[in-house]
Amino acid sequence: MKNAEINKVNNITFFEGDLFEPLGKCTFDVIVSNPPYIRTDDIGGLQKEIRDWEPVTALDGGEDGLNYYRAIIGDLRRFLSDKGRCYLEIGYDQRDGIDAIVKENGLNAWYIRDLAGIDRIAVLSF
């Protein structure tokens, strides 16, 4: 909200809560998320600039790094419109895990690679 105030942006609505919890029955054409995706055991080995700057809650994706993906993807049928797209940043080695979660939820996925050729964005749809 501070950035909106600093930049005098007034055509945006902010919701605060746990993932989709504060949204009620809203549906969206586009959902974008960069959820915590670092494995709990890997946090201590991150670069000092990340480990000491970011709150642990912004990094910790659980034992396998996929906790938030399970929650987000599991709720997409309620919040993503029929022709909508969900864009999720993913860890460099998480495509297989994301694919499994996507299949469990009956969705489709394709991936956008970063400049190093690594799958970094999962694009999900029905």
If I ask for residues that are within 16 Å of the chain's Cα centre (by Cα) and polar (S, T, N, Q), which ones from the stretch 18-68 would you list? 33, 34, 57, 67
Identify, please: which residue in the stretch 36-77 is part of a loop (DSSP other than H, G, I, E, B) and charged (D, E, K, R) and is, among those, farthest from residue 108 (Cα to Cα)? 52
Any hit, the stretch 86-95, residues being touching a helix residue (DSSP H, G or I) at 6+ places or on another chain (Cβ under 8 Å), surrounded by fewer than 16 Cβ atoms within 10 Å (Cβ to Cβ) and at pLDDT 95 or above: no
Can you run down the residue pairs with Cβ atoms below 6 Å, 6 or more apart or on separate chains, where the first is in the stretch 86-98 and without any contact (Cβ under 8 Å) to a residue 40 or more places away in the chain and more than 17 Å from residue 19 (Cα to Cα) and the partner is assigned to a strand (DSSP E or B) and of a type in the set (A, V, I, L, M, F, W, C)? 98/122
Could you please give the count of residues in the stretch 78-126 that are touching a Lys or Arg at 6+ places or on another chain (Cβ under 9 Å), assigned to a strand (DSSP E or B) and not polar (S, T, N, Q)? 11
Does residue 3 qualify as being assigned to a loop (DSSP other than H, G, I, E, B), modelled with pLDDT under 95 and either more than 19 Å from the chain's Cα centre (by Cα) or surrounded by 15 or more Cβ atoms within 10 Å (Cβ to Cβ) (or both)? no
Taking residue 107, is it touching a strand residue (DSSP E or B) at 6+ places or on another chain (Cβ under 6 Å), of a type in the set (A, V, I, L, M) and surrounded by 11 or more Cβ atoms within 10 Å (Cβ to Cβ)? yes
In the stretch 17-71, which residues are surrounded by fewer than 12 Cβ atoms within 10 Å (Cβ to Cβ), in contact (Cβ under 8 Å) with a residue 24 or more places away in the chain and touching a helix residue (DSSP H, G or I) at 6+ places or on another chain (Cβ under 7 Å)? 26, 63
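Look through 78, 120 and report the one residue that is surrounded by 14 or more Cβ atoms within 10 Å (Cβ to Cβ) and of a type outside the set (S, T, N, Q).
Matching residue, one of 78, 120: 120.
The values are calculated or read from the model by the stated rules, or taken from the named source; none is laboratory data. Since the structure is predicted, the reported quantities are computational estimates derived from the model, not experimental observations. Neighbour counts are summed over all protein chains in view; Cβ atoms, including those assigned to glycine, are modelled from backbone coordinates with ideal geometry.
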